[in-house]
């Protein structure tokens with residue numbers, strides 16, 4: 001299959017492209033059939049020298065033979081008056097172009113989860129502090145009475161439990 005595509009030339013960080021007709025299986029800068037134009041992206045868009053130079057007759061002949069232009073070359077051809085009737089170029093629509101990648105989305109979700117957990121913990125701590133501040137003022141007489149009775153009852157039970165525990169450990173060992 002024949003393609004009309006760009007072939008890169010020029011120095012490092014100073015690109016210059018030849019518009020060539022080549023077999024689609026050939027390497028980008030490799031073997032080609034014919035040079036049909038050039039593209040110099042380093043020139044200003046509205047300068048005295050055009051950025052894109054096309055051999056319209058040769059390109060029209062190759063299009064009739066079945067050569068397919070790449071997206072960038074089709075854009076150039078659609079801007080030329082003589083070739084615009086032969087080539088229809090439409091801007092692609094990629095609504096997901098601006099979205100972050102999969103890993104970035106995962107990191108954002110983890111960050112949001114940590115923030116939600118932190119906010120929940122702060123709210124729980126605040127509610128607990130408010131409850132603790134309100135509870136002693138309201139329940140102070142009831143707690144004092146319960147505290148006075150409880151240690152006397154729990155002390156013998158705690159001692160007997162402490163005596164029983166080492167005996168059970170010795171028998172198990």
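Bear in mind that the values in this text are calculations on the coordinates, not laboratory data. Please read these numbers as outputs of a predicted model, since none were measured by experiment. Backbone-built Cβ (ideal geometry, glycine too); neighbour counts: all protein chains shown.
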Item to check | Radius ratio Rg over Rh of region 1-64, counting only Cα atoms, Kirkwood formula for Rh | outcome: 1.00
Item to check | 15 Å cut-off, amide nitrogen to a point 7 angstrom out along residue 43 Cα→Cβ, residues in region 63-89 | outcome: 76-77, 80
Checklist entry - In whole angstrom, how far apart do the alpha carbon centroids of region 22-89 and region 101-120 sit? => result 47
Item to check | Theoretical gain in end-to-end length, residue 128 to residue 35 [0.36 nm per residue, Cα-Cα removed] | outcome: 25.6 nm
Item to check | Inter-label distance for residue 61 and residue 106, nm, one decimal - labels placed 7 Å from Cα along Cα-to-Cβ | outcome: 5.5
Item to check | Sequence of 7, 24 once ranked by neighbouring C-beta atoms within 10 Å, starting from the fewest | outcome: 24, 7
